[in-house]
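The values are calculated or read from the model by the stated rules, or taken from the named source; none is laboratory data. None of the values given here were measured: they were computed from a predicted structure. A quick note on method: Cβ atoms are made from the backbone with ideal geometry, for glycine too, and the neighbour counts reach across all protein chains shown.
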Amino acid sequence: MTDIADAASRLDLDALRLRLLERDEGKVNESIPELANADPGVCGIALALRDGQVLSSEDTDVEYSIQSAVKPFVYALALADDADRVHDAVGIEPTGEAFDAIRLESGSGRAPNPMVNAGALLTASFVRGSSIEERAQRILDGLGLFAGQDLRIDDSVVESEQKHGDRNHALAHLMRSEGTLQIPVDDAVAGYARSCSVLVTTKQLAVMGATLAFGGVNPMTGRRAVSEDIARDVMSVMATCGVYDGSGTWFRRVGVPAKSSVSGAIVLSAPQLLGAAVHSPPLDPQGTSARGAVGAEVLSDELDLHVLSTSRS
Ligand code: GLN
């Protein structure tokens, strides 16, 4: 067994889960009924290792909509399908603002980065396909490669996302006026909403994180989802922009490329070490799972995952 697999198997993930459950800060997102109805008492932690093994606590088979944790993976697929178009329209600089800020890169009209809604509306529009349905299928198939399992979309979440998606419509109109969005506004919002509405479990999300961590190859299936270069580019942007205006604090405290989401999931990719996911619905003011962030910090400390760690042998 490798050192990291050995250390991971010695962790008591159920004990960590109980410790996290003692914390009751944070508030469940109420932007749509499907999220508002989430059980605040759910808390799960999963680790996906190089040999395909998944270590997990209780509550890691609970399904929820992936929400913004989909953004790194859609970015990866868009890069694979049309990197030039993505680079022309989507930057890679952190914004220091909320995920749904109505703001484009000054001067260029580009979306600031693919981890905020502006960028994700574009990347979801750049994946291969000539209709909403074709692009949604491409995204679903691509996410399935990352997860090593077939995934599906929750139609009631799609419907709610579209009904309550005024800010996303506003962003799409703005980008259409700048010429960066090339498909109709309604199609872009519909495509992005579908990507956010893919159902995952915490175990599946950990494997998705591991696929990036191991250079684009799913450690469970051995199948390649994206190239090694794309996996590295995606993890770079997760490291700098993945937790929105909390990305600096996250990098110092956890030091692992990650992406948060309003469903309370956080996906982590520790390069060449492991993939992980933590999930618990109550969110801090920046929209990151409050328990998830603490859990991630504990995992990083216990397993020495910080990418800038100088103590790892
Ligand atoms: N679907 C949500 C939105 O567009 C996703 C946001 C998130 O998870 N931060 O507002």
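Numerical summary
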{"read-out": "Lone unmet requirement of (1) touching a Ser or Thr at 6+ places or on another chain (Cβ under 8 Å); (2) away from the ligand (no atom under 16 Å from the Cβ) for P94", "value": "(2)"}
{"read-out": "Residue within segment 26-45 that is without any contact (Cβ under 8 Å) to a residue 60 or more places away in the chain, surrounded by 15 or more Cβ atoms within 10 Å (Cβ to Cβ), assigned to a loop (DSSP other than H, G, I, E, B) and away from the ligand (no atom under 16 Å from the Cβ) present", "value": "no"}
{"read-out": "Residues being within 12 Å of the ligand (Cβ to nearest atom) and either farther than 13 Å from S31 by Cβ or not charged (D, E, K, R) (or both) - total across segment 159-171", "value": "8"}
{"read-out": "Test set (1) without any contact (Cβ under 8 Å) to a residue 60 or more places away in the chain; (2) out of contact with any helix residue (DSSP H, G or I) (no Cβ under 6 Å at 6 or more places or on another chain) - P271 fails condition number", "value": "(2)"}
{"read-out": "Residues (in a loop (DSSP other than H, G, I, E, B), of a type outside the set (G, A, S) and in contact (Cβ under 8 Å) with a residue 60 or more places away in the chain) located in segment 276-298", "value": "P281, P282, D284, Q286"}
{"read-out": "Unique residue being within 22 Å of S197 (Cα to Cα) and out of contact with any Gly (no Cβ under 8 Å at 6 or more places or on another chain) when the list is A69, A76, A89, A83", "value": "A69"}
{"read-out": "Segment 172-203, subset in contact with a strand residue (DSSP E or B) (Cβ under 8 Å, 6 or more places away or on another chain), under 30 Å from S280 (Cβ atoms) and assigned to a helix (DSSP H, G or I), residue farthest from the ligand (Cβ to nearest atom)", "value": "K203"}
{"read-out": "Subset tally (residues that are acidic (D, E), surrounded by fewer than 17 Cβ atoms within 10 Å (Cβ to Cβ) and under 25 Å from L145 (Cβ atoms)) for segment 74-89", "value": "2"}
{"read-out": "Residue in segment 90-130 that is surrounded by the fewest Cβ atoms within 10 Å (Cβ to Cβ), counting only those that are among the small types (G, A, S) and within 17 Å of the chain's Cα centre (by Cα)", "value": "A98"}
{"read-out": "Given (1) within 14 Å of the ligand (Cβ to nearest atom); (2) in contact with a Lys or Arg (Cβ under 8 Å, 6 or more places away or on another chain), index of the condition G215 fails", "value": "(1)"}
{"read-out": "Among the residues listed as A120, A111, the single one being touching a Leu at 6+ places or on another chain (Cβ under 7 Å) and at pLDDT 95 or above", "value": "A111"}
{"read-out": "Checklist (1) crowded, with 20+ Cβ neighbours inside 10 Å; (2) at pLDDT below 95 applied to K163, failing item", "value": "(1)"}
{"read-out": "Pairs where the first residue, in segment 125-149, is at positive phi and the second is part of a loop (DSSP other than H, G, I, E, B) and surrounded by fewer than 20 Cβ atoms within 10 Å (Cβ to Cβ), C-beta under 7 Å, 6+ apart", "value": "G148/M220; G148/T221"}
{"read-out": "Enumeration of residues in segment 13-72 that are of a type in the set (S, T, N, Q) and within 17 Å of the chain's Cα centre (by Cα)", "value": "N29, T60, S65, Q67, S68"}
{"read-out": "Subset of segment 219-264 that is more than 30 Å from G41 (Cα to Cα) and not in a helix (DSSP H, G or I) - its residue that is farthest from the ligand (Cβ to nearest atom)", "value": "G222"}
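Conditions tested, residue by residue: (1) farther than 15 Å from A69 by Cβ; (2) buried (at least 24 other Cβ atoms within 10 Å of the Cβ); (3) modelled with pLDDT of 95 or more.
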{"position": "R224", "(1), (2), (3)": "yes, no, yes"}
{"position": "D233", "(1), (2), (3)": "yes, no, yes"}
{"position": "T240", "(1), (2), (3)": "yes, no, yes"}
{"position": "D245", "(1), (2), (3)": "yes, no, no"}
{"position": "S260", "(1), (2), (3)": "no, yes, yes"}
{"position": "Q286", "(1), (2), (3)": "no, no, no"}
{"position": "R291", "(1), (2), (3)": "yes, yes, yes"}
{"position": "A296", "(1), (2), (3)": "no, yes, yes"}
{"position": "D304", "(1), (2), (3)": "yes, no, yes"}
